[in-house]
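Peer 1: One structure is given below, represented as structure tokens, and several questions about it will come after.
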Amino acid sequence: MDVSEIIIPGDTSGTEWRLPVLRFKGGDPKAPKTYIQAALHAGELPGTVLLHFLCERLRQAENQGEIAGDITIVPQANPIGAAQSHFGELQGRFDLGSRTNFNRDFPLISLADRPTLIEDLDDYPATDRLKRQLLHLALGADLVLDLHCDDESLQYAYIDEAFWPEAADLAAALDMGAVLLSDGESSAFEEAVGFAWKYEVPGERLFELPGRLSVTVELRGKRDVDPVLAKKDADGLWRFLAARGIVGDEKPAATAFSGPAVPLDNVEIIRAPEGGAVLFHRNIGERIAEGDRLVTIITRPGQPGGSIELTAPQDGLILTRTSDRLVRRRGDLMKIACDEPSKASRKAGTLEN
């Protein structure tokens, strides 16, 4: 394993950020190249601990000559966000300087323009330098995995329709509860990777990308930082890499993905019409029917009519819910993966900021 660091100068004198990059050299130049990163939202750590255990196995495989394709791993992809704290609380999702989500505003370029990402880096602020370096690393690979987590959540993934159903092997290997299919047209990291591949020839879009994959994996919830789960997920990721001919000396038996794979339009987001204390009546992973009671919000405690009941708009699978028990008006409470499109109006692209 080769360990190097990318140094990102800070925007004020005397500061800099260090981005460790771990590389495993493959023995077969024809094998797929893989890039995996975690903690782009710095406080989301299930992916970081997964990669810690995966690297143990990769080092052993490297010593035994069982790595076919090059593997690049960035286990803590956001040192800038990891250093942001406000009143004792880590603020790793948004850059406090620009108020921009660290997983938005990645450059949308053609693959042919990859070298330009790291040209004239001094012209950009630190957060943009970080994003350009990460995207440059990823575009040197064929398979790109961006490991995140939700709040309270099943294991699921955001996958561009251009990679489906070929990517069902990843969903099966990681025992995902669901897959959300997108059109890949936002500026999030995994979609910026897919954009560069789809527009490899500028102005000409490819709608299928066989042999390639760029995906956001949501590894359950923020508090699911657990050695048993991390080792289980590391084993699952190993099986995926082995099935793709990247590691190991034999391919494991194929398993089928049994969960729902639905377009983003089919996700119902349950939001609070008023602020108050939250009482959940249903848990993540439960299947619900239209009209089922989901949430009570106590808006005016002790007063007549001081609570609001929220029910399911249609049948579906509860994918996520908030861990907060005090919610603001219009705060997100749940995501439900459904068979039919939501009737709620919302902007195209990512589900939330």
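The values are calculated or read from the model by the stated rules, or taken from the named source; none is laboratory data. Because the structure is a prediction, the values reported are computed rather than measured. Heads up, the Cβs are rebuilt from the backbone with ideal geometry, glycines too, and the neighbour counts pull from every protein chain shown.
Peer 1: Within the group 347, 343, which residue is part of a loop (DSSP other than H, G, I, E, B), within 27 Å of residue 100 (Cβ to Cβ) and not assigned by TED's automatic domain parsing to the domain that holds residue 223? Steps first, answer last, please.
Peer 2: Numbers: 343 fails: within 27 Å of residue 100 (Cβ to Cβ).
Step by step, each of 347, 343 is checked, and only 347 is part of a loop (DSSP other than H, G, I, E, B), within 27 Å of residue 100 (Cβ to Cβ) and not assigned by TED's automatic domain parsing to the domain that holds residue 223.
Peer 1: Have a look at 191, 166, 200, 161 and point out the one that is closer than 12 Å to residue 109 by Cα, in contact with a strand residue (DSSP E or B) (Cβ under 8 Å, 6 or more places away or on another chain) and either buried (at least 23 other Cβ atoms within 10 Å of the Cβ) or assigned by TED's automatic domain parsing to the domain that holds residue 241 (or both).
Peer 2: Details: 166 fails: closer than 12 Å to residue 109 by Cα; 200 fails: in contact with a strand residue (DSSP E or B) (Cβ under 8 Å, 6 or more places away or on another chain); 161 fails: closer than 12 Å to residue 109 by Cα.
Going through 191, 166, 200, 161 in turn, the sole match is 191.
Peer 1: Looking at the stretch 136-174 only, could you name the residues that are part of a helix (DSSP H, G or I) and in contact with a Leu (Cβ under 6 Å, 6 or more places away or on another chain)?
Peer 2: Selection gives 136, 161, 162, 163.
Peer 1: Counting just the residues of the stretch 318-331 that are assigned to a loop (DSSP other than H, G, I, E, B) and within 24 Å of the chain's Cα centre (by Cα), which one comes out nearest to residue 180 (Cα to Cα)?
Peer 2: Result: 322.
Peer 1: Please pick out the residue among 213, 174 that is buried (at least 22 other Cβ atoms within 10 Å of the Cβ) and either assigned by TED's automatic domain parsing to the domain that holds residue 314 or touching a Gly at 6+ places or on another chain (Cβ under 6 Å) (or both).
Peer 2: 174
Peer 1: To continue, here is another question. Report whether or not residue 229 is farther than 24 Å from residue 338 by Cβ and in a loop (DSSP other than H, G, I, E, B).
Peer 2: no
Peer 1: Just to be sure before I move on: is residue 6 surrounded by 18 or more Cβ atoms within 10 Å (Cβ to Cβ), of a type in the set (Val, Ile, Thr), more than 30 Å from residue 221 (Cβ to Cβ) and more than 21 Å from the chain's Cα centre (by Cα) in the structure I sent?
Peer 2: no
Peer 1: Turning to a different aspect of this structure: Name every residue in the stretch 333-353 that is buried (at least 18 other Cβ atoms within 10 Å of the Cβ) and charged (D, E, K, R), in order of residue number.
Peer 2: 335
Peer 1: Among the strands (runs of 3 or more DSSP E) confined wholly to the stretch 246-317, which include 3 or more residues that are of a type outside the set (Asp, Glu) and over 26 Å from the mean Cα position of the chain (by Cα)?
Peer 2: 276-280, 293-298, 307-311
Peer 1: Within the stretch 39-73, how many residues are closer than 15 Å to residue 103 by Cα and in contact with a helix residue (DSSP H, G or I) (Cβ under 8 Å, 6 or more places away or on another chain)?
Peer 2: Residues in the stretch 39-73 being closer than 15 Å to residue 103 by Cα and in contact with a helix residue (DSSP H, G or I) (Cβ under 8 Å, 6 or more places away or on another chain): 5 in total.
Peer 1: What's the number of the condition residue 128 fails, among (1) under 30 Å from residue 337 (Cα atoms); (2) in a helix (DSSP H, G or I)?
Peer 2: So the condition that residue 128 fails would be (1).
Peer 1: Does residue 115 meet the test of being part of a loop (DSSP other than H, G, I, E, B), at pLDDT 95 or above and of a type outside the set (A, V, I, L, M)?
Peer 2: Answer is no for this residue.
For every residue, the table says whether it meets (1) basic (Lys, Arg); (2) closer than 26 Å to residue 181 by Cβ; (3) surrounded by 13 or more Cβ atoms within 10 Å (Cβ to Cβ).
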site	(1), (2), (3)
254	no, yes, no
259	no, yes, yes
273	no, no, no
277	no, no, yes
288	no, yes, yes
296	no, no, yes
305	no, no, no
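Peer 1: Something else now. Find all pairs meeting these conditions: Cβ atoms under 9 angstrom apart; at least six residues apart or on different chains; first residue within the stretch 330-346 and on the phi > 0 side of the Ramachandran plot and small (Gly, Ala, Ser); second residue modelled with pLDDT of 95 or more and not in a strand (DSSP E or B).
Peer 2: No pair meets every condition.
Peer 1: Only one of (1) more than 25 Å from the chain's Cα centre (by Cα); (2) farther than 16 Å from residue 79 by Cα; (3) surrounded by fewer than 14 Cβ atoms within 10 Å (Cβ to Cβ) fails for residue 62. Which number is that?
Peer 2: Residue 62 satisfies all of (1) more than 25 Å from the chain's Cα centre (by Cα); (2) farther than 16 Å from residue 79 by Cα; (3) surrounded by fewer than 14 Cβ atoms within 10 Å (Cβ to Cβ) except (3).
Peer 1: Checking the conditions here, which among 68, 42, 31, 38 is in contact with a strand residue (DSSP E or B) (Cβ under 6 Å, 6 or more places away or on another chain), touching a residue at least 12 places away in the same chain (Cβ under 8 Å) and surrounded by 14 or more Cβ atoms within 10 Å (Cβ to Cβ)? Step through it out loud before you land on a result.
Peer 2: On the way: 68 fails: in contact with a strand residue (DSSP E or B) (Cβ under 6 Å, 6 or more places away or on another chain); 42 fails: in contact with a strand residue (DSSP E or B) (Cβ under 6 Å, 6 or more places away or on another chain); 31 fails: in contact with a strand residue (DSSP E or B) (Cβ under 6 Å, 6 or more places away or on another chain).
Unique residue meeting the criteria: 38.
Peer 1: Can you list residue pairs whose Cβ atoms sit under 6 Å apart, with the first residue in the stretch 4-16 being under 10 Å from residue 130 (Cα atoms) and the second being of a type in the set (A, V, I, L, M, F, W, C)? Count only pairs 6 or more apart in sequence or on different chains.
Peer 2: These pairs meet every condition: 6/19; 8/17; 8/126; 8/130.
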